[in-house]
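The block underneath contains the structure these notes are about, expressed in structure tokens.
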Amino acid sequence: MIKEKQDIITNSYSNFSTTVNLLQSDVFNKIFGWLKANTGANSNLRTLSKLNKELKSLITAKMFQTPVKGLLKDFDQVETISKKILESENDLDLKDFNLSAEKQLTIEEISNGLLNDAMIEANLRAPLKKMLYRYVTTGMPIDKAEAELRSYILTDKESLGFAERYVKVLTMESLSRFDGTINQRVATDYKLDGFRFVGSNIKTTEPQCLGLTKASGEFAQYEVNGKYRVEDIPKIIALMKRVAKSTHKNLDPSNFFILRSHWGCRHQILPTRLLEKDKVEFEGRLSNDIEDVKEVEVPKAPIIKFGSDKRFDDYINGENVPDLIKNVVDKLPKPREIKSKGKDKGSYYSSVTNTLVSRIESGKDTFFHEYGHHVDLHMAKNNSINETKQGLNIRSSKMKDDFSKDLKNINEKFGSDALGKLKEFLKGKEDYRLYYRGFSDIIDAMSNGVFFDDYGMTGHGKRYYKKDLNRKYYETYANAFEAIATNNKSVIKDFQDNFPNCYNFVLNDLKSILND
Amino acid sequence: MINGISEKVEREGIYKQYFDKFGEEPITYGLYWNDLESFEKLLSEAIKTGVKYEEEEPGEGVVY
């Protein structure tokens, strides 16, 4: 239905095409005839003045009267479809939702544009006059002037003629604004708290529209499940204005749905009601407002030396590693031994021997993952083995609620075959086996190893999780620590979008370690 | 537990070759969870030599 409505709006100017094309031909013939007759004349400003008078009698408001009546049918159609879309989107009954005042005002607006002589003078006659005076004063060769006039006045395969352009933008903008007025009133009257920014994009789509339709760039921070919050509209407008100068200067929350983005914008802003899960995700986002971990207020990080392979020092002192991580590593006791090879070939952390093994081939991400284990398990460490086990259980039980919340949200978000869809989601990421190992590993933990064993995705597998029920929390902690330490913005955003509670748990845990 | 389909997803590549050769999955506790390329090389070697791939269980206090 959105596409159907878009087509009505886009094609609305076709009501005028016969009239406008006739007008364009008449204007071209008259002007070109005059130019041919006057080529080479020394003083032809007087004859030009005569031509201007003829143009005035040719391009009149009256000629648009009949087509404007045809356009009124489009208003009725847009109203019907808009209501249907809003009814199905929000489970509303809009049968008695009266829009006659809004319709009348918009029709007046379009009438002012098309049936008002001053507007016609400014938009249609004045540009032509300017061209003609230029030909007369510069003595432009007739063939060059003809080509320029033909291209400007007439519609051809490449572009619309001067009058058709004006009429098209005006009719489309009027219908779009009428449609936007319906959306604005429904949003206000029914107190809808969300909206979707919809419509197709083309090569020339403005950057702010691209950002909002795709939820990309800085706009991503305001989007959840394809929806934005009404309460964020002031911030979104400020961002739109910052991103593109084409954004309406007068755009504000009171006319956001009406004006949309810029003059001639073909996108629609559909008001919608946020679901509980949307609100939970927005709240998670809100509490997780620290988009850039580097901005967490912590002391300036010292240079850290582990006294082992230099590469480990290079990893931790890396410029991109947040000071929060560096300070935590500096504050806590370091592993007794950090090395590249252990008795097994893989990478691991042993809390019994307090040894961290990180293979060279696995890179710095794995080092941070294992260091995350060290931090997590160190915080549970106590005087005796039993007390340490108790500490591990306490830490796991603290994370359990956040883990369950994220798991529940993921099931709601991805549906009955969440694992299949998550596999597709990860495979759509560039270098997912490299940068999304931690993400995939959390999904594996949430599925008790099914994601690795049965779906062939990165993870520890069923045997690992069967042995110790706390391991899913240990791995989730290590993966979130790794994401924070490696500080890859896209990965962090995906963590915040999908595991906001677990991510926050680890972030807050690290901050509390520093503050203790 | 996260939603997933109950049937086994069709095995692919080296994992299928391993299963076809030995009639069972490699025994792993995720030692190479973050380095699947190395893990897959080891599976390939196992297929060549005919010796099953098997990891020891991680010891007390060991996490991968």
Region A:159-191 - residue that is under 29 Å from A:K214 (Cα atoms) and charged (D, E, K, R) and, of those, surrounded by the most Cβ atoms within 10 Å (Cβ to Cβ): A:D179
Any hit, region A:384-399, residues being within 27 Å of A:N488 (Cβ to Cβ), in the same structural domain as A:E475 (by TED's automatic domain parsing), among the basic types (K, R) and loosely packed, with under 14 Cβ neighbours inside 10 Å: yes
Yes/no for A:T476 being crowded, with 24+ Cβ neighbours inside 10 Å, hydroxyl-bearing (S, T, Y) and more than 10 Å from every other protein chain (Cβ to nearest Cβ): yes
All positions within region A:350-380 that are without any contact (Cβ under 8 Å) to a residue 40 or more places away in the chain, surrounded by 21 or more Cβ atoms within 10 Å (Cβ to Cβ) and more than 21 Å from A:G318 (Cα to Cα): A:S350, A:S351
Count of region A:229-252 residues which are outside any helix (DSSP H, G or I) and among the β-branched types (V, I, T): 1
Odd one out for A:G194, checked against (1) under 23 Å from A:K277 (Cα atoms); (2) open to solvent by 10 Å² or more (accessible area, probe 1.4 Å): (2)
Segments classed as helices (runs of 4 or more DSSP H), wholly inside region A:373-467, with at least 3 members that are small (G, A, S) and away from every other protein chain (no Cβ under 12 Å): A:385-414
Checking A:T188 against (1) modelled with pLDDT under 85; (2) over 30 Å from A:V20 (Cβ atoms), the condition it does not meet: (1)
When residues of region A:318-365 are limited to those that are among the basic types (K, R) and over 41 Å from the mean Cα position of the chain (by Cα), the one nearest to B:E54 (Cα to Cα): A:K345
Qualifying residue in region B:25-44 (condition: within 12 Å of another protein chain (Cβ to nearest Cβ), open to solvent by less than 50 Å² (accessible area, probe 1.4 Å), closer than 29 Å to A:V352 by Cβ and in contact with a strand residue (DSSP E or B) (Cβ under 6 Å, 6 or more places away or on another chain)): yes
Selection count, region A:498-516, where residues are more than 28 Å from the chain's Cα centre (by Cα) and of a type in the set (V, I, T): 1
Residues being outside any helix (DSSP H, G or I), out of contact with any helix residue (DSSP H, G or I) (no Cβ under 6 Å at 6 or more places or on another chain) and polar (S, T, N, Q) - total across region A:42-101: 4
Residues of region A:334-364 classified as more than 7 Å from every other protein chain (Cβ to nearest Cβ) and of a type outside the set (K, R), total: 13
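The values are calculated or read from the model by the stated rules, or taken from the named source; none is laboratory data. Please read all numbers here as calculations on a predicted model, not as lab measurements. Positions of Cβ are backbone-derived with ideal geometry, glycine not excepted, and every protein chain shown enters the neighbour counts. In case anyone asks, the SASA skips ligands and DNA or RNA and just uses the protein heavy atoms, side chains included. Shrake-Rupley method; radii C 1.70, N 1.55, O 1.52, S 1.80 Å.
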